Amino acid sequence: MSLKIGDESWQKRALVVIREYDEERHKVSLEKMEKLCEVGERGKPSLVTDLMGDPICRIRHIPLHVMLVAEYGEEGQVIGVIRGCVKTVTRGNSVYVKLAYLLGLRVSHQHRRFGIGTKLVEHLEEWCKQKGAKYAYMATDCTNEPSINLFTKKCYYSKFRTLTMLVQPVHAHYKPINSNVAILHLPPSLATSIYNHIFTNSEFFPRDIDLILSNKLNLGTFMAIPKKYLSKCDLKRGIYPPSYSILSVWNTKEVFKLQVKGVSPLAHACCVGTRVLDEWMPWLRVPSYPDVFRPFGVYFLYGLHMEGKYGRQLMKCLCGFVHNMARDEGGCGAIVAELGQRDPVKDAVPHWRKFSWAEDIWCIKNLEKCGSYDCFTSRSSSPVIFVDPRDF
Ligand SMILES: CC(C)(COP(=O)(O)OP(=O)(O)OC[C@H]1O[C@@H](n2cnc3c(N)ncnc32)[C@H](O)[C@@H]1OP(=O)(O)O)[C@@H](O)C(=O)NCCC(=O)NCCS
């Protein structure tokens, strides 16, 4: 690339300082930069994120977190940013490890390919090591070549797992719920013990699950059971029904908003048309689009698990129940779940293929022994990956 010829890149890099984010000093410049980074391809629809004036919102709910910015020149203009957090999670077989998650990396367009993204990652890795992290991971869309190259070629991360993002729009009509199914709202303490029972052998199950379940953004943990099995179970004593499904709901609506921009007037009119029809005649059950052209929130489903011969139908019932919750709440445009490709629950979660994407690539690195072979980078011990809602 021409910009890298000669020593211009070195001059530019020398003027870049990586610092911890300081609201007073960086907020305005950072917001300006992130807004400019959001502009999608001309003429193509793009999904933009509104952090609602809180640039730390995506890491705030994990106690050990940091945001670093790259400052350029005497004015200290923010030209790059990265967020990170450290938590303790399972790495399969009930073994816990300290893990760092790197997210929200951005470099302003005119400063790309000068090594600033790499520099931000390296500085964040140092911070994570100081906090005791043994591994670091990141997630990105499989089409994001710059990001994948940066992490795998420059920073020695290995592709680790591929996850699928399932998206279900919230319609104006209600989803029918089978009257033979009971839906229980579990208190956080009971949900914690059930999740500890189900997920300790999976990967990435967080040790502080109790904090997640009692967080105000958690709208609840719900279990669907055939009514005929209600008398056969005692959840408090660890006696589970032969068939059930369980999930929790995280309200990202209070953290950030999404908005679709750049659609054609025709596509916009079609979406609005189906919505009006669905609102006026809900009994037709028109699969309408919510108003995604204005900022909307999403509910994130996590901790999804099903058991027994009715597990699949029960999972569908639970998803329908959450859909109706979101419909009643308002301002929620979609319900999203992220699942490992071998997770059996994946096929039971209703979603729209058009809006779902099959390949969210997770890459991981051993921060102590760079490039070394170990359990995380070898074959998966479990098909189930617990996706922490705080990372979404
Ligand atoms: C991804 C991003 C942060 C890279 O920042 P950057 O400062 O340009 O990265 P660097 O200069 O440190 O590049 C390091 C390596 O990444 C790879 N890379 C960076 N941009 C690339 C591109 N456009 N195409 C292919 N590879 C690319 C290259 O391997 C590069 O090394 P090289 O320049 O020696 O070939 C930047 O493109 C960006 O902000 N993109 C939009 C947001 C985003 O996708 N963030 C990642 C989310 S996980």
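Could you list, in sequence order, the residues of region 282-316 that are in a helix (DSSP H, G or I) and surrounded by fewer than 23 Cβ atoms within 10 Å (Cβ to Cβ)? Can you show your working first?
Going through region 282-316, the residues in a helix (DSSP H, G or I) turn out to be 282-284, 311-316.
Of everything in region 282-316, those that are in a helix (DSSP H, G or I) and surrounded by fewer than 23 Cβ atoms within 10 Å (Cβ to Cβ) turn out to be Pro282, Trp283, Leu284, Gly311, Arg312, Gln313, Lys316.
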message = List the residue pairs whose Cβ atoms are under 7 Å apart, where the first residue sits in region 118-144 and is closer than 13 Å to Ile18 by Cα, the second is assigned to a helix (DSSP H, G or I) and away from the ligand (no atom under 16 Å from the Cβ), and the two are 6 or more positions apart or on different chains.
response = none
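Might you check whether a residue that is touching a strand residue (DSSP E or B) at 6+ places or on another chain (Cβ under 8 Å) and within 30 Å of Pro282 (Cα to Cα) occurs anywhere in region 205-212?
Filtering region 205-212 down to residues touching a strand residue (DSSP E or B) at 6+ places or on another chain (Cβ under 8 Å) leaves 205-208, 212.
Then drop every residue that is not within 30 Å of Pro282 (Cα to Cα), which leaves none.
No, every residue in region 205-212 fails to be touching a strand residue (DSSP E or B) at 6+ places or on another chain (Cβ under 8 Å) and within 30 Å of Pro282 (Cα to Cα).
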task = Hey, could you check region 1-49 for residues that are at pLDDT below 85 and of a type in the set (Asp, Glu) and say which is farthest from the chain's Cα centre (by Cα)?
result = Asp7
inquiry  = Give me the residue from region 164-175 that is touching a Gly at 6+ places or on another chain (Cβ under 9 Å) and outside any strand (DSSP E or B) and, out of that set, farthest from the ligand (Cβ to nearest atom).
reply    = Tyr174
message = Looking at the structure I just gave you, is Leu190 within 29 Å of Arg312 (Cα to Cα), modelled with pLDDT of 95 or more and more than 16 Å from the ligand (Cβ to nearest atom)?
response = yes
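Looking at region 121-163 only, could you name the residues that are assigned to a strand (DSSP E or B), open to solvent by 10 Å² or more (accessible area, probe 1.4 Å) and not basic (Lys, Arg)? Show your work before the answer.
Residues of region 121-163 that are assigned to a strand (DSSP E or B), as a first pass: 135-141, 158-163.
Subset that is open to solvent by 10 Å² or more (accessible area, probe 1.4 Å): 139-141, 158-162.
Across region 121-163, the qualifying residues are Ala139, Thr140, Asp141, Ser158, Phe160, Thr162.
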query = Which of the residues that make up region 51-71 are among the hydrophobic types (A, V, I, L, M, F, W, C) and open to solvent by 40 Å² or more (accessible area, probe 1.4 Å)?
reply = Met52, Leu64
ask   = Would region 258-279 turn up any residue that is of a type in the set (Val, Ile, Thr) and either under 21 Å from the mean Cα position of the chain (by Cα) or closer than 30 Å to Ile56 by Cβ (or both)?
value = yes
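Could you tell me whether region 72-79 includes any residue that is modelled with pLDDT under 95, under 30 Å from Thr221 (Cα atoms), assigned to a strand (DSSP E or B) and open to solvent by 20 Å² or more (accessible area, probe 1.4 Å)? Full working, then the answer.
First, the residues of region 72-79 that are modelled with pLDDT under 95: 72-77.
Retained after the next criterion (residues that are under 30 Å from Thr221 (Cα atoms)): none.
There is no residue in region 72-79 that is modelled with pLDDT under 95, under 30 Å from Thr221 (Cα atoms), assigned to a strand (DSSP E or B) and open to solvent by 20 Å² or more (accessible area, probe 1.4 Å).
Does region 90-103 hold any residues that are at pLDDT 95 or above and open to solvent by less than 60 Å² (accessible area, probe 1.4 Å), and which are they?
Start the filter on region 90-103 by keeping residues that are at pLDDT 95 or above, which leaves 98-103.
Correct list: Leu99, Ala100, Tyr101, Leu102, Leu103.
The values are calculated or read from the model by the stated rules, or taken from the named source; none is laboratory data. Predicted, not measured: the structure shown is a model, and the values here were computed from it. Neighbour counts are summed over all protein chains in view; Cβ atoms, including those assigned to glycine, are modelled from backbone coordinates with ideal geometry. Note: accessible area is taken over every heavy atom of the protein model, side chains too, but ligands, DNA and RNA are not part of it. Shrake-Rupley method; radii C 1.70, N 1.55, O 1.52, S 1.80 Å.
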